[in-house]
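Worksheet: one structure, shown below.
The values are calculated or read from the model by the stated rules, or taken from the named source; none is laboratory data. Keep in mind that this is a model prediction, so the values were computed, not measured. Here the Cβ positions follow ideal geometry from the backbone for every residue, glycine too, while neighbour counts run over all protein chains shown. The protein model used for the area step is the full one, side chains on, heavy atoms only, and it has no ligands, DNA or RNA in it. Shrake-Rupley method; radii C 1.70, N 1.55, O 1.52, S 1.80 Å.
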Amino acid sequence: MPDSNPVKKVGLEFRAAHLKANNVASTDAFSAYSFDGWLVFAAAAKRAFATAQPGTPAFRSALRDELYRTKELVGSHGVYNYAESDNSGVDERARVIVTLEKGQWKLLG
């Protein structure tokens, strides 16, 4: 993946953190998906804390609203932009095509 790809840095940081925490490299995408979910949640929660107290209905509403206000948050699998009409949050920057050649992943195009 080229250095210009916005997810490369975060993906490599996640990989290093996973290795440090587990003493083994991540071999699947699922832990990185969870990491991205944590990044989105943590950013939205931080913004929601500014307007409401955790554990209250007002905080739950603020958290939901802040999740939908997430814009240009770079994760390991994409750049997240949510809206009430778009719960997936990712665009074409999250799409890559790879092949496996002689035991090595190769990015196409």
For the residue pair Thr27 and Asp65, what label-to-label distance in nm results when each label sits 7 Å from Cα along the Cα-to-beta-carbon direction? 4.6 nm
Measure off, as a whole percent, the carbon and sulfur share of the 1.4 Å-probe accessible area of the stretch 1-70, all protein chains present. 61 percent
Rounded to whole Å², per residue accessible area for the chain with a 1.4 Å probe reads 71 Å²
Loop-located trypsin sites (Lys or Arg not before Pro) in the stretch 51-109, at most 15 other Cβ atoms within 10 Å (DSSP): Arg69, Lys71, Arg95, Lys102
Virtual spin-label span in nm between Lys9 and Glu72, 7 Å along Cα→Cβ: 1.3 nm
For the stretch 1-74 and the stretch 81-109, write down the distance between their C-alpha centroids in whole Å. 17 Å
Amide H proximity to Leu73 below 5 Å, modelled H, separation 5+ or other chain, gives Tyr80
Can you compute the radius of gyration and Dmax for the chain, using only the Cα atoms, both in Å? 16.4, 54
For the stretch 23-86, would you read off the P(r) tail past 16 Å as a percentage of all alpha carbon pairs? 51 percent
Scanning the chain for helices, which whole DSSP H stretches are 24 Å or more long along the axis (Cα) and average 0.0 or more by Kyte-Doolittle? 30-49
Can you list which of the GluC sites (Glu not before Pro) found in the stretch 24-92 are DSSP loop residues with at most 15 other C-beta atoms within 10 Å? Glu72, Glu84
